[in-house]
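Let me begin by presenting the structure, written as structure tokens, before commenting on it.
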Amino acid sequence: MTTIDASPLRGAERPSPRRQEVATRIKEYILRNRLKPGNLLPTETELCEAVGASRSSVREAVKILSALDIVEVRHGHGTFVGRMSLNALVESLTFRGLLSGEDDHHVLAQVVDIRQTLEQGLAATVIDALDEEHRSELSALADEMHSRAAQGEDFLDVDRAFHLKLMEPLGNDLLVQLTEAFWQVQAIVAPTLRTEPEDRVITAQRHQAIVAALTAGDAAALRSAIAEHYAPIRASIARAAQP
């Protein structure tokens, strides 16, 4: 029988207060010196002197900051200030989503709620910001999904591109990253659901309905189309919750 080690994590397995303190000092150094994403940090020796810590403490602190995407270590080139990233959020939500997947898919349901709320809430703004080029690209992506679905093929990559393109005209990088982060969590966790054969075709058709509402410039129709788009996965979650 498999046993589970319930003993507390040993000190070597989790960041010590000292390493956390040095990590905080490095963040303060970045802010104090007004460094920007992509800027090169000082050498390890210079950083040790700047934050008043040993090489080993600085190395461990950099590992912590790298895991959070606050810094980026490029071997052979140095350590740079990290660019905006939600990788840590995706990792955490994905794990929790998979953890609850076989029981109630509670986390997945919340992710779907957030995605739908964001897209419906911004419906009118997206219509105002959308230009002909973006609309044409969205239409082409929706048609590609429909074509693949008709042939029984997967279209995850096209679905991702569609939802990022939908938010792109707003010019808000954080919003685009949030859209991608929640999309990634759903894409990883959703396969644990039981789906119906026709769901893929229905999903492709719902994307075409979104494009039609965008083309008509009808915010109410767009909000309705977005709700219909998320209906199949909501139905799958509801089925999973049944005994």
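The values are calculated or read from the model by the stated rules, or taken from the named source; none is laboratory data. In this text, all values refer to a predicted model and were calculated from it rather than measured experimentally. Using ideal geometry, Cβ is built from the backbone for each residue, glycine included, and neighbour counts are taken over all protein chains shown. These accessible areas exclude ligands, DNA and RNA; they are computed on the full protein's heavy atoms, side chains included. Shrake-Rupley method; radii C 1.70, N 1.55, O 1.52, S 1.80 Å.
Taking θ as phi - 60° and the Karplus parameters 6.51, -1.76 and 1.60, the scalar couplings of region 65-82 work out to 5, 5, 5, 8, 6, 6, 10, 10, 8, 10, 4, x, 10, x, 10, 10, 5, x Hz in sequence order, x denoting glycine and proline. 3J(HN,Hα) along region 141-154: 5, 5, 5, 5, 4, 5, 5, 5, 4, 5, 9, x, 9, 6 Hz, from the Karplus curve 6.51 cos²θ - 1.76 cosθ + 1.60 with θ = phi - 60°, whole Hz, x for Gly and Pro.
Annotation: amide H-H contacts under 5 Å for residue 41 (H modelled 1.01 Å from N, sequence separation of 5 or more, or interchain): 79, 80, 81.
Result for the chain in a Gaussian network model with C-alpha springs under 10 Å: among 180, 46, 168, the largest mean-square fluctuation is at 46. Note on residue 33 and residue 202: the extension gain reaches 55.6 nm, defined as 0.36 nm multiplied by sequence separation minus the Cα-Cα distance. Put a plus charge on the Cβ of each Lys and Arg, a minus charge on the Cβ of each Asp and Glu, and nothing anywhere else: the dipole of region 20-152 about its Cα centre is then about 800 debye. Calculated mean residue ellipticity at 222 nm for the chain: -22000 deg cm²/dmol, from DSSP H runs with n ≥ 4 weighted as -39500 (n - 2.57), summed, divided by the residue count and rounded to 500. Counting only protein heavy atoms and using a 1.4 Å probe, the accessible area of residue 198 comes to about 90 Å².
Tell me the carbon and sulfur percent of the accessible area for the chain, rounded to whole percent, probe radius 1.4 Å.
Ligands and nucleic acids excluded, carbon and sulfur reach 53 percent.
Near residue 71, the amide H atoms lying under 5 Å from its own belong to 66, 82; only residues 5 or more places off or on other chains count, and H is placed 1.01 Å from N. Rounded if a/c is under 1.5, else prolate if a/b is larger than b/c, else oblate: which is region 22-82, with a ≥ b ≥ c the root eigenvalues of its Cα gyration tensor? Rounded is the answer for region 22-82, as its axis ratio a/c remains below 1.5. In terms of the Cα gyration tensor, with a ≥ b ≥ c the square roots of its eigenvalues, is region 122-243 rounded because a/c is under 1.5, prolate because a/b exceeds b/c, or oblate? Verdict is prolate for region 122-243.
The residue among 70, 53, 217 whose Cα reaches farthest toward the positive pole of the charge dipole of the chain, with charges on the beta-carbon of Lys, Arg, Asp and Glu, is 53. Put +1 on the Cβ of every Lys and Arg and -1 on every Asp and Glu Cβ in the chain; which of 150, 191, 123 then has its Cα farthest towards the positive end of the dipole? Selected residue: 191. Relative to the longest principal axis of the Cα atoms of the chain, the long axis of helix 173-189 lies at roughly 80 degrees. Accessible surface computed residue by residue for the chain, with neighbouring protein chains in place and a 1.4 Å probe, gives 57 Å² per residue.
Computed 3J(HN,Hα) for region 27-34, one whole-Hz value per residue from the Karplus formula 6.51 cos²θ - 1.76 cosθ + 1.60 where θ = phi - 60°, is 4, 5, 4, 4, 5, 5, 8, 6, glycine and proline marked x.
By definition, a body whose alpha carbon gyration tensor gives a ≥ b ≥ c is oblate when a/c is 1.5 or more and a/b is not larger than b/c, and region 34-130 fits this oblate description.
Which whole-number percentage describes the relative contact order of region 42-179, with Cα contacts under 8 Å and a sequence gap of 6 or more? The partial results should precede the final answer.
Working: 89 pairs, mean separation 20.9, N = 138.
Contact order relative to length: 15 percent.
Computed from the alpha carbon atoms alone, the convex hull of the chain holds 188 Å³ per residue.
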